[in-house]
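Please read the structure below before turning to the comments.
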Amino acid sequence: MAFDEAGAGPAVVLLHGFPFNRSMWRQQIEVLRANFRVITPDLRGHGESGLVSEPATMEEMARDVAALLDELRIDHATLGGLSMGGYVTLAFYRLFPERVSALVLADTRAQADSEDGKRAREENAQRALQQGMEPIADAMLPKLLSSNTLSQRPDLSASVRAMILGTRPEGAAAALRGMALRRDQTDLLPSISVPTLVLVGTEDNLTPVEDARLIRDRVRGSRLALIDGAAHLSNLERPDEFNSSLVEFLNDYKDGGEQNA
Ligand code: MLT
(Lines give C-alpha, C1' and ligand atoms only; values in the text may rest on other atoms or scores of the structure.)
Protein backbone atom coordinates (compact mmCIF):
# COMPACT_ATOMS: atom_id res chain seq x y z
CA MET A 1 0.00 0.00 0.00
CA ALA A 2 1.57 3.28 -1.11
CA PHE A 3 1.21 6.25 1.23
CA ASP A 4 2.67 9.65 2.10
CA GLU A 5 3.47 10.71 5.61
CA ALA A 6 4.29 14.23 6.80
CA GLY A 7 4.56 16.18 10.03
CA ALA A 8 4.42 15.15 13.66
CA GLY A 9 1.74 15.16 16.34
CA PRO A 10 -1.65 13.44 16.63
CA ALA A 11 -2.27 11.19 13.60
CA VAL A 12 -4.68 12.31 10.87
CA VAL A 13 -5.42 9.84 8.07
CA LEU A 14 -7.07 11.16 4.89
CA LEU A 15 -8.65 8.80 2.35
CA HIS A 16 -9.13 9.86 -1.26
CA GLY A 17 -12.25 9.51 -3.42
CA PHE A 18 -12.95 7.53 -6.58
CA PRO A 19 -11.14 7.26 -8.98
CA PHE A 20 -8.37 9.40 -7.56
CA ASN A 21 -5.28 8.93 -5.46
CA ARG A 22 -3.47 10.35 -2.47
CA SER A 23 -2.16 13.35 -4.44
CA MET A 24 -5.56 14.99 -3.98
CA TRP A 25 -4.65 15.83 -0.37
CA ARG A 26 -1.47 17.78 -1.14
CA GLN A 27 -2.90 21.15 -0.11
CA GLN A 28 -4.30 19.76 3.13
CA ILE A 29 -0.94 18.15 4.01
CA GLU A 30 0.87 21.46 3.56
CA VAL A 31 -1.30 23.05 6.23
CA LEU A 32 -1.79 20.15 8.66
CA ARG A 33 1.83 18.98 8.79
CA ALA A 34 2.76 21.82 11.16
CA ASN A 35 0.75 20.25 13.99
CA PHE A 36 -0.26 16.76 12.93
CA ARG A 37 1.21 13.53 11.60
CA VAL A 38 -0.68 13.27 8.30
CA ILE A 39 -0.97 9.93 6.51
CA THR A 40 -2.49 9.69 3.04
CA PRO A 41 -2.66 6.20 1.55
CA ASP A 42 -3.58 5.12 -1.96
CA LEU A 43 -6.58 2.83 -1.49
CA ARG A 44 -6.42 -0.59 -3.12
CA GLY A 45 -6.58 -0.47 -6.90
CA HIS A 46 -5.72 3.24 -6.95
CA GLY A 47 -2.57 5.31 -7.38
CA GLU A 48 0.55 3.34 -6.62
CA SER A 49 -1.09 0.73 -4.41
CA GLY A 50 -0.63 -2.62 -6.09
CA LEU A 51 -3.43 -4.47 -4.38
CA VAL A 52 -6.44 -5.25 -6.52
CA SER A 53 -9.31 -7.47 -5.47
CA GLU A 54 -12.56 -7.96 -7.33
CA PRO A 55 -14.74 -6.45 -5.99
CA ALA A 56 -12.86 -4.08 -3.67
CA THR A 57 -15.27 -3.66 -0.78
CA MET A 58 -15.27 -0.71 1.57
CA GLU A 59 -14.51 -3.14 4.41
CA GLU A 60 -11.44 -4.50 2.63
CA MET A 61 -10.19 -0.99 2.05
CA ALA A 62 -10.84 -0.20 5.73
CA ARG A 63 -8.87 -3.28 6.78
CA ASP A 64 -6.00 -2.15 4.53
CA VAL A 65 -5.98 1.17 6.39
CA ALA A 66 -6.00 -0.62 9.76
CA ALA A 67 -3.04 -2.77 8.61
CA LEU A 68 -1.17 0.38 7.57
CA LEU A 69 -1.81 1.93 11.00
CA ASP A 70 -0.51 -1.27 12.61
CA GLU A 71 2.63 -1.08 10.50
CA LEU A 72 3.12 2.57 11.48
CA ARG A 73 2.41 1.70 15.14
CA ILE A 74 -0.49 4.13 15.30
CA ASP A 75 -3.08 2.96 17.77
CA HIS A 76 -5.77 5.54 17.01
CA ALA A 77 -6.18 8.47 14.64
CA THR A 78 -8.50 11.06 13.24
CA LEU A 79 -9.89 9.40 10.16
CA GLY A 80 -11.18 11.43 7.26
CA GLY A 81 -12.32 10.71 3.75
CA LEU A 82 -13.86 12.39 0.74
CA SER A 83 -16.68 10.62 -1.07
CA MET A 84 -15.56 6.98 -1.49
CA GLY A 85 -12.94 7.79 1.16
CA GLY A 86 -15.90 8.71 3.39
CA TYR A 87 -17.57 5.35 2.68
CA VAL A 88 -14.33 3.66 3.75
CA THR A 89 -14.13 5.92 6.81
CA LEU A 90 -17.60 4.84 7.96
CA ALA A 91 -16.76 1.18 7.28
CA PHE A 92 -13.59 1.64 9.35
CA TYR A 93 -15.55 3.17 12.23
CA ARG A 94 -17.97 0.23 12.22
CA LEU A 95 -15.09 -2.26 12.28
CA PHE A 96 -12.64 -0.46 14.58
CA PRO A 97 -14.42 2.29 16.57
CA GLU A 98 -11.77 2.17 19.30
CA ARG A 99 -9.10 3.26 16.81
CA VAL A 100 -10.91 6.46 15.79
CA SER A 101 -10.45 9.66 17.78
CA ALA A 102 -12.42 11.91 15.41
CA LEU A 103 -14.11 11.70 12.00
CA VAL A 104 -14.00 13.98 8.98
CA LEU A 105 -16.61 13.19 6.33
CA ALA A 106 -16.31 15.29 3.17
CA ASP A 107 -18.66 15.23 0.18
CA THR A 108 -19.92 11.78 1.05
CA ARG A 109 -23.07 9.99 2.17
CA ALA A 110 -24.15 7.30 4.61
CA GLN A 111 -26.81 5.71 2.39
CA ALA A 112 -26.21 2.73 0.10
CA ASP A 113 -26.68 2.94 -3.68
CA SER A 114 -30.14 2.74 -5.22
CA GLU A 115 -30.85 -0.15 -7.61
CA ASP A 116 -30.38 2.26 -10.54
CA GLY A 117 -27.14 3.46 -9.00
CA LYS A 118 -25.88 -0.13 -8.71
CA ARG A 119 -26.70 -0.81 -12.35
CA ALA A 120 -24.86 2.35 -13.41
CA ARG A 121 -21.81 1.21 -11.39
CA GLU A 122 -21.71 -2.10 -13.25
CA GLU A 123 -22.05 -0.36 -16.63
CA ASN A 124 -19.20 1.95 -15.71
CA ALA A 125 -17.08 -0.96 -14.49
CA GLN A 126 -17.51 -2.70 -17.83
CA ARG A 127 -16.90 0.54 -19.71
CA ALA A 128 -13.64 1.09 -17.81
CA LEU A 129 -12.47 -2.47 -18.50
CA GLN A 130 -13.37 -2.33 -22.20
CA GLN A 131 -12.57 1.27 -23.11
CA GLY A 132 -10.20 2.50 -20.42
CA MET A 133 -10.61 5.55 -18.20
CA GLU A 134 -11.24 8.23 -20.91
CA PRO A 135 -15.04 7.79 -20.99
CA ILE A 136 -15.12 7.69 -17.18
CA ALA A 137 -13.20 10.98 -17.03
CA ASP A 138 -15.44 12.57 -19.67
CA ALA A 139 -18.58 11.59 -17.78
CA MET A 140 -17.31 12.46 -14.30
CA LEU A 141 -15.45 15.72 -14.78
CA PRO A 142 -18.52 17.97 -15.22
CA LYS A 143 -19.91 16.58 -11.94
CA LEU A 144 -16.71 16.85 -9.92
CA LEU A 145 -16.01 20.56 -10.34
CA SER A 146 -18.33 23.55 -10.50
CA SER A 147 -19.04 25.10 -13.90
CA ASN A 148 -17.05 28.17 -12.86
CA THR A 149 -14.01 26.10 -12.03
CA LEU A 150 -14.33 24.09 -15.22
CA SER A 151 -14.37 27.22 -17.35
CA GLN A 152 -11.92 29.37 -15.39
CA ARG A 153 -9.35 26.96 -13.98
CA PRO A 154 -8.17 24.72 -16.82
CA ASP A 155 -5.12 23.76 -14.73
CA LEU A 156 -7.27 22.21 -11.99
CA SER A 157 -9.62 20.54 -14.48
CA ALA A 158 -6.59 19.07 -16.28
CA SER A 159 -5.02 17.74 -13.08
CA VAL A 160 -8.27 16.08 -11.95
CA ARG A 161 -8.60 14.53 -15.40
CA ALA A 162 -5.00 13.31 -15.25
CA MET A 163 -5.66 11.73 -11.84
CA ILE A 164 -8.63 9.81 -13.28
CA LEU A 165 -6.67 8.71 -16.36
CA GLY A 166 -3.87 7.52 -14.07
CA THR A 167 -6.18 5.04 -12.32
CA ARG A 168 -5.94 1.46 -13.58
CA PRO A 169 -9.24 0.29 -15.17
CA GLU A 170 -9.08 -2.94 -13.11
CA GLY A 171 -8.79 -0.94 -9.90
CA ALA A 172 -11.61 1.39 -10.92
CA ALA A 173 -13.92 -1.49 -11.88
CA ALA A 174 -13.22 -3.27 -8.59
CA ALA A 175 -13.96 -0.11 -6.61
CA LEU A 176 -17.17 0.56 -8.56
CA ARG A 177 -18.37 -2.96 -7.77
CA GLY A 178 -17.28 -2.57 -4.16
CA MET A 179 -19.18 0.71 -3.82
CA ALA A 180 -22.29 -0.94 -5.31
CA LEU A 181 -22.08 -3.61 -2.59
CA ARG A 182 -21.62 -1.21 0.28
CA ARG A 183 -24.05 -1.36 3.13
CA ASP A 184 -26.29 1.42 4.32
CA GLN A 185 -24.47 3.09 7.22
CA THR A 186 -27.28 5.36 8.42
CA ASP A 187 -27.92 3.05 11.39
CA LEU A 188 -24.31 3.55 12.47
CA LEU A 189 -24.58 7.33 12.71
CA PRO A 190 -26.38 7.63 16.09
CA SER A 191 -23.77 5.37 17.69
CA ILE A 192 -20.84 7.57 16.63
CA SER A 193 -19.38 8.99 19.81
CA VAL A 194 -16.32 10.86 18.55
CA PRO A 195 -16.11 14.48 17.36
CA THR A 196 -17.26 14.59 13.75
CA LEU A 197 -16.86 17.23 11.06
CA VAL A 198 -19.01 17.02 7.92
CA LEU A 199 -17.96 19.13 4.93
CA VAL A 200 -19.72 19.59 1.62
CA GLY A 201 -19.51 21.85 -1.40
CA THR A 202 -22.71 23.88 -1.83
CA GLU A 203 -22.73 22.87 -5.52
CA ASP A 204 -22.03 19.18 -4.96
CA ASN A 205 -24.61 17.28 -7.03
CA LEU A 206 -23.00 13.85 -6.56
CA THR A 207 -23.30 13.83 -2.77
CA PRO A 208 -25.49 16.88 -2.20
CA VAL A 209 -25.86 19.07 0.85
CA GLU A 210 -28.91 17.10 2.02
CA ASP A 211 -26.76 13.96 2.37
CA ALA A 212 -24.33 15.94 4.53
CA ARG A 213 -27.21 17.31 6.63
CA LEU A 214 -28.48 13.77 7.20
CA ILE A 215 -25.10 12.84 8.70
CA ARG A 216 -24.95 16.03 10.75
CA ASP A 217 -28.50 15.48 12.06
CA ARG A 218 -27.79 11.92 13.19
CA VAL A 219 -24.27 12.15 14.58
CA ARG A 220 -24.61 13.71 18.02
CA GLY A 221 -22.69 16.98 18.36
CA SER A 222 -21.30 16.90 14.84
CA ARG A 223 -20.70 20.10 12.92
CA LEU A 224 -21.34 20.91 9.28
CA ALA A 225 -19.14 23.14 7.12
CA LEU A 226 -20.61 24.30 3.81
CA ILE A 227 -17.90 25.08 1.28
CA ASP A 228 -19.37 27.89 -0.77
CA GLY A 229 -19.23 27.55 -4.54
CA ALA A 230 -17.46 24.19 -4.54
CA ALA A 231 -18.85 21.05 -6.17
CA HIS A 232 -17.79 17.47 -5.29
CA LEU A 233 -14.04 17.98 -4.90
CA SER A 234 -14.40 20.73 -2.33
CA ASN A 235 -10.88 20.28 -0.92
CA LEU A 236 -9.36 20.93 -4.36
CA GLU A 237 -11.74 23.65 -5.47
CA ARG A 238 -11.72 25.73 -2.30
CA PRO A 239 -8.65 24.59 -0.36
CA ASP A 240 -8.48 27.67 1.87
CA GLU A 241 -12.09 27.36 3.08
CA PHE A 242 -11.81 23.58 3.41
CA ASN A 243 -8.55 23.84 5.34
CA SER A 244 -9.75 26.50 7.73
CA SER A 245 -12.82 24.42 8.70
CA LEU A 246 -10.63 21.35 9.08
CA VAL A 247 -7.92 23.05 11.15
CA GLU A 248 -10.47 24.77 13.40
CA PHE A 249 -12.18 21.44 14.04
CA LEU A 250 -8.94 19.55 14.70
CA ASN A 251 -7.65 22.24 17.04
CA ASP A 252 -10.94 22.50 18.93
CA TYR A 253 -11.24 18.86 19.75
CA LYS A 254 -7.51 18.41 20.34
CA ASP A 255 -7.75 21.16 22.96
CA GLY A 256 -10.79 19.49 24.50
CA GLY A 257 -13.14 22.22 23.25
CA GLU A 258 -16.87 21.59 23.22
CA GLN A 259 -18.40 20.61 19.90
CA ASN A 260 -21.03 22.78 18.32
CA ALA A 261 -24.45 21.22 18.50
C1 MLT B 1 -16.10 9.62 -5.29
O2 MLT B 1 -15.80 10.81 -5.52
O3 MLT B 1 -15.46 8.93 -4.51
C4 MLT B 1 -17.26 9.04 -6.02
O5 MLT B 1 -17.96 10.04 -6.71
C6 MLT B 1 -18.15 8.31 -5.08
C7 MLT B 1 -19.32 7.66 -5.74
O8 MLT B 1 -19.30 7.44 -6.95
O9 MLT B 1 -20.29 7.32 -5.02
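The values are calculated or read from the model by the stated rules, or taken from the named source; none is laboratory data. Please read all numbers here as calculations on a predicted model, not as lab measurements. Backbone-built Cβ (ideal geometry, glycine too); neighbour counts: all protein chains shown. The area values use the complete protein model at the heavy-atom level, side chains included, leaving out ligands, DNA and RNA. Shrake-Rupley method; radii C 1.70, N 1.55, O 1.52, S 1.80 Å.
General remarks:
- Ligands, DNA and RNA are left out, and with a 1.4 angstrom probe the accessible area of the chain is 41 Å² per residue.
- Given a 1.4 Å probe and the protein chains as shown, Val219 ends up with an accessible area of around 0 Å².
- Classified by the C-alpha gyration tensor, segment 119-261 has an oblate form. Its axis ratio a/c, with a ≥ b ≥ c, is 1.5 or above, and a/b does not exceed b/c.
- To put it simply, the accessible area of the chain at a 1.4 Å probe is 46 percent carbon and sulfur.
- Interchain or long-range residues, amide H under 5 Å from Val104's placed H: Leu79, Gly80, Gly81, Leu197
- Each Lys and Arg adds +1 at its Cβ and each Asp and Glu adds -1 at its Cβ; summed about the Cα centre, the chain shows a dipole of about 180 debye.
- Segment 76-203: relative contact order as a whole-number percent, Cα under 8 Å and 6+ apart: 35
- Bridge type composition, the chain - antiparallel percent by DSSP, nearest 5: 15
- Shape call, the chain: gyration tensor on alpha carbons, a/c limit 1.5: rounded
- Options Thr57, Asn124, Leu105, ranked by Cα towards positive dipole end of segment 39-156, top entry (Cβ charges): Leu105
- Candidates Arg44, Arg73, Arg63, ranked by Gaussian network fluctuation over the chain, Cα under 10 Å, top entry: Arg73
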